[in-house]
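The values are calculated or read from the model by the stated rules, or taken from the named source; none is laboratory data. The structure displayed is predicted, hence computed values, not measured ones. All Cβ positions, glycine included, derive from the backbone under ideal geometry; neighbour counts span all protein chains shown. In case anyone asks, the SASA skips ligands and DNA or RNA and just uses the protein heavy atoms, side chains included. Shrake-Rupley method; radii C 1.70, N 1.55, O 1.52, S 1.80 Å.
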Amino acid sequence: MPGVIIKEDLIRDYPNKKILSHALGFIGPIDSNELSVLKKDGYQHFDFIGKNGIEKYYEKELRGIEGRKVYEIDARMKVQKELTHKELKPQPGNEIVLTVDLDFQKNVEDILADRTGAIIVIKPSTGEILAMASFPNYDPNIYILQNEENDDAKRQIALDAKGTPLINRNIQAIYPPGSVFKMITGFAILNENIVSPDKEYYCGGIYKLNRDVFKCWVYPGGHGMQNLADSLINSCDVYFYNVSQVVGIERISNYAKSFGLGKTTGVDLPFEAEGNIPSIQWKKNLGLTWHLGDTLNSVIGQGDVKVTTLQIANYMCAVCNKGYSYKPTLLKQINSSIDGSIIKKFEKEKSIDVNYTEADFNYIHNALKRVTTEGTAGKVFSTNKYKFAGKTGTAEVGFGQKKQTHSWFAGFGPIDFPLEEQIVVVVLCEWENGSY
């Protein structure tokens, strides 16, 4: 047809749209900063490049090699001959096979629905991520085709400072963990025999430190006499306020770090946040003095304690496995797109390895089992046919009348299944009032 030119082009397509968008990421036009670094690798100003998620992390594996034909031309730009010895055959990029089950991922995203937050599911026996949901999410296709509708969608995302849809809340956002953090002090007590786990402290709803008053979550009520197991089952803050003065912030900090909190997990995704586990030296480096009130805030996962959802999942994997966890991964294997052969296969790599006794872990396990039967998560799990162990948490954020809460649950199970068939689940809902 006269006047019509057919041009063949390749574009990336994300058929499931918003499903798994944060883990997959997207590609976009290469910018000047990226080009200055990657020009030596053959990238050109009109190329598309991975901007986030798997697309960015495995850019080199996915990209392939562009083909090239070289011609000899004269001064009038007429082709004289083709230099076949300089021809470069194109090679397609490799195939990335993920650990995520798509149907399971869809179910998890349906559960999270329109709640701002994150859910991550990991196989503790391997470290494989089975589902990673974050909301708000986005359709990565809008970054591929340049048109008015997609440009408007991108502008809306850029202007959404509150929702921040591009943020993967599993790895890029940091939160106070609240009461999910309390097992850390429990392990310190058990492993070092600092305080007898049977020793009871009275909870009347408040704890006084000089002129300051620290409240338990049940205030104006109280839990009465509480030992370590009781305090985990009922999530009693006053018990932990008392024992924190004996355990001390340095032990609390060291035990938290031994479970991988406050540092990146090494997951195969870009832009992972570190979080923070405070200590006396950390505050000194800021030119500030550590106070006992800081210890009381830290021991219940508040104050300057900041973690990612993935760090909590990794920590719970170590609790489930009774001392170790594997580096979280989304990669199952890399296949050749030419002949389908396996180029690289996922191999387990330990990321946490703590040498605490099995008796210590059994004690914590038993307490976490009771959390879901008679404790703070008892009502939620009363109709669940599967037996889970876990810990709830409510993290306070903001001040005064603007104070709000994030809700946590971190658990593992089914506990009567073999370890290879168990999963670790961590749920975070922002601005949701829930149990402690």
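When the residues of the stretch 49-82 are filtered to those that are within 28 Å of Ile167 (Cα to Cα) and open to solvent by 80 Å² or more (accessible area, probe 1.4 Å), the one that is nearest to the chain's Cα centre (by Cα) is Tyr57. Going by the structure shown, is Gly323 over 21 Å from Ser235 (Cα atoms) and open to solvent by less than 20 Å² (accessible area, probe 1.4 Å)? So Gly323 fits the description; yes. The residues of the stretch 107-135 that are farther than 23 Å from Cys320 by Cα, touching a residue at least 40 places away in the same chain (Cβ under 8 Å), open to solvent by 30 Å² or more (accessible area, probe 1.4 Å) and not charged (D, E, K, R) amount to a single one, Thr116. All conditions in (1) open to solvent by 20 Å² or more (accessible area, probe 1.4 Å); (2) over 20 Å from Leu228 (Cβ atoms); (3) touching a residue at least 60 places away in the same chain (Cβ under 8 Å) hold for Ser258, with the sole exception of (2). Restricting the search to strands (runs of 3 or more DSSP E) fully inside the stretch 9-125 and requiring at least 1 residues that are of a type in the set (A, V, I, L, M), more than 30 Å from Glu430 (Cα to Cα) and in contact with a helix residue (DSSP H, G or I) (Cβ under 9 Å, 6 or more places away or on another chain) gives 48-50, 95-98. Within the stretch 35-68, the residues that satisfy the criterion of being of a type in the set (Asp, Glu) and either within 25 Å of Lys332 (Cβ to Cβ) or at pLDDT 95 or above (or both) are Glu55, Glu59, Glu61. Checked against the criterion of being over 25 Å from Ile343 (Cα atoms) and among the polar types (S, T, N, Q), the stretch 51-59 contains not a single residue that satisfies it. Among residues of the stretch 88-104 being in contact with a Gly (Cβ under 8 Å, 6 or more places away or on another chain) and open to solvent by less than 80 Å² (accessible area, probe 1.4 Å), the one that is farthest from Arg169 (Cα to Cα) is Leu88.
Only one of the listed residues (Thr264, Thr309) is more than 28 Å from Ala359 (Cβ to Cβ), open to solvent by less than 10 Å² (accessible area, probe 1.4 Å) and among the hydroxyl-bearing types (Ser, Thr, Tyr). That residue is Thr309. Within the stretch 291-306, at least one residue is without any contact (Cβ under 8 Å) to a residue 24 or more places away in the chain, assigned to a loop (DSSP other than H, G, I, E, B) and either open to solvent by 10 Å² or more (accessible area, probe 1.4 Å) or under 15 Å from Gly266 (Cβ atoms) (or both).
Scanning the stretch 208-227 for residues that are closer than 21 Å to Ile194 by Cα and buried (at least 22 other Cβ atoms within 10 Å of the Cβ) returns a single hit, Gln226.
Screening the candidates Tyr436, Tyr363 for the property of being open to solvent by less than 100 Å² (accessible area, probe 1.4 Å) and modelled with pLDDT under 95 yields one hit, Tyr436. Based on what the data block shows, is Gly340 of a type in the set (Gly, Ala, Ser), under 17 Å from Glu250 (Cα atoms) and in contact with a strand residue (DSSP E or B) (Cβ under 9 Å, 6 or more places away or on another chain)? Considered against the rule, which asks whether it is of a type in the set (Gly, Ala, Ser), under 17 Å from Glu250 (Cα atoms) and in contact with a strand residue (DSSP E or B) (Cβ under 9 Å, 6 or more places away or on another chain), Gly340 comes out as no. For residues in the stretch 228-251 being among the polar types (S, T, N, Q) and touching a helix residue (DSSP H, G or I) at 6+ places or on another chain (Cβ under 8 Å), which is surrounded by the fewest Cβ atoms within 10 Å (Cβ to Cβ)? Result: Gln245. Is it fair to say Gly393 is small (Gly, Ala, Ser) and closer than 30 Å to Leu98 by Cβ? So Gly393 fits the description; yes.
Is it the case that Arg155 is open to solvent by 80 Å² or more (accessible area, probe 1.4 Å), in contact with a Cys (Cβ under 7 Å, 6 or more places away or on another chain) and of a type in the set (D, E, K, R)? Answer is no for this residue. When Tyr43 is tested against (1) more than 31 Å from the chain's Cα centre (by Cα); (2) open to solvent by 80 Å² or more (accessible area, probe 1.4 Å); (3) among the hydroxyl-bearing types (Ser, Thr, Tyr), only condition (2) is not met. Taking the numbered list (1) open to solvent by less than 30 Å² (accessible area, probe 1.4 Å); (2) among the small types (Gly, Ala, Ser); (3) over 19 Å from Ala188 (Cα atoms) in turn, Ala318 passes all entries but (3). Taking the stretch 251-263 as the range and being in a helix (DSSP H, G or I) and either on the phi > 0 side of the Ramachandran plot or among the β-branched types (Val, Ile, Thr) (or both) as the test, only Ile252 passes.
Among the residues of the stretch 334-353, the ones that are under 21 Å from the mean Cα position of the chain (by Cα), modelled with pLDDT of 95 or more and surrounded by 15 or more Cβ atoms within 10 Å (Cβ to Cβ) come to 2 in all.
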